[in-house]
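Trainee: Sharing a structure here in structure tokens format.
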Amino acid sequence: MLCVVCGSFFLLPILAIVYYCIKKDSIGDAIYAGKRLGQGGILFPCYKFRSMYTNGDEILEQYYKEHPEKKVEYEKYHKLDDDPRVTPFGALIRRTSIDELPQVWNVFLGHMSLVGPRPYLPQELEQMGEYAKEILKVKPGITGYWQVNGRSNVDFESRLLMDVWYVKNRTLWMDIQLLWQTVGVVLMKKGAK
């Protein structure tokens, strides 16, 4: 907890600059609080810097009409290359994972931990199937095994298997290693979309 508080102090200038740039880039709130599945399946507001246009659902619907093959891509990876909903500045903060910095507040509030499975969307619960019980035993993390081992380049099924493996095998030493590896992944912008 002390690390989170101290780290937040040093992050404040970065957070303020990003907040300003988002507000200048597009209409809408700079911070987005999307509902995610927490430990035990309890929903919590997962804070992120907004990286998409506020009318993203309409944009996506139109995009699928023009590019039906992209719907298949989304169903497999739960992400899109060149997502049309993402703002210009949003693309930058996604590539650098800066959009996830507000999740430090989720750690402070006890919704998340620094390391764990990345939080899943409520609508993904059914697709998680039998894996949900195991994955939701722990708090979701800002980073985790999936984040440093493929991220957006891994299909949804493989992500589930990675998260189950992590929950069954996690140790303090593994979490320290994953935090360290995350720095490299973020600096190399591996798998970020």
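The values are calculated or read from the model by the stated rules, or taken from the named source; none is laboratory data. Just so we're clear, the structure is a prediction, and the values are computed from it rather than from any experiment. Backbone-built Cβ (ideal geometry, glycine too); neighbour counts: all protein chains shown. These accessible areas exclude ligands, DNA and RNA; they are computed on the full protein's heavy atoms, side chains included. Shrake-Rupley method; radii C 1.70, N 1.55, O 1.52, S 1.80 Å.
Trainee: Which cross-chain or sequence-distant (5 or more) residues have an amide H under 5 Å from the amide H of Arg36, H modelled 1.01 Å from N in plane?
Mentor: Phe44, Cys46
Trainee: For segment 128-183 and segment 86-105, write down the distance between their C-alpha centroids in whole Å.
Mentor: Segment 128-183 and segment 86-105 have Cα centres separated by 20 Å.
Trainee: Roughly speaking, to the nearest percent, how much of the chain's 1.4 Å accessible area is carbon and sulfur? Don't skip to the end; give the middle numbers.
Mentor: On the way: 6770 of 11080 Å².
Result for the chain: 61 percent of the exposed heavy-atom area is carbon or sulfur.
Trainee: A follow-up question, please. So for segment 80-193, Kirkwood radius off the Cα pairs, Stokes-Einstein at 25 °C and 0.890 mPa s: how many µm² s⁻¹? Numbers along the way, then the final one.
Mentor: On the way: Rh = 14.7 Å.
Roughly 167 µm²/s, to the nearest whole number.
Trainee: Where q = 0.17 Å⁻¹, what log10 of I(q)/I(0) comes from the Debye formula for the chain, counting one point per Cα?
Mentor: -1.28
Trainee: Hey, what number do you get for the chain at 222 nm if only DSSP H runs of n ≥ 4 count, each worth -39500 (n - 2.57), divided across all residues, to the nearest 500?
Mentor: Values: 10 runs with 103 residues, N = 193.
Rounded to the nearest 500, it is -16000 deg cm²/dmol.
Trainee: Of all DSSP beta bridges located in the chain, what percent are antiparallel, nearest 5?
Mentor: 80
Trainee: If the limit is 23 Å between Cα atoms, which of Lys48/Lys79; Lys70/Lys137; Lys79/Lys137; Lys23/Lys48; Lys133/Lys168 go over it? Don't skip to the answer; put the middle values down first.
Mentor: Details: Lys48/Lys79 16 Å; Lys70/Lys137 33 Å; Lys79/Lys137 25 Å; Lys23/Lys48 14 Å; Lys133/Lys168 12 Å.
Where the Cα-Cα span goes over 23 Å, the pairs concerned are Lys70/Lys137; Lys79/Lys137.
Trainee: Show me 137-148, 54-65 ranked by packing, highest mean number of other Cβ atoms within 10 Å first. Don't jump to the answer; show the numbers that get you there.
Mentor: Values: 137-148: 22.8, 54-65: 13.8.
Per-residue Cβ counts within 10 Å, averaged per peptide and sorted highest first, yield 137-148, 54-65.
Trainee: Please list, in order, the residues from segment 102-129 whose amide nitrogen is less than 18 Å from a point placed 7 Å along the Cα→Cβ vector of Tyr19.
Mentor: Counting backbone N atoms under 18 Å from the label point, the list is 102-109.
Trainee: Here's another thing I want to ask about it. What does the accessible area per residue of the chain come to in Å², with a 1.4 Å probe and no ligands, DNA or RNA counted?
Mentor: Numbers: 11080 Å² over 193 residues.
That works out to 57 Å² for each residue.
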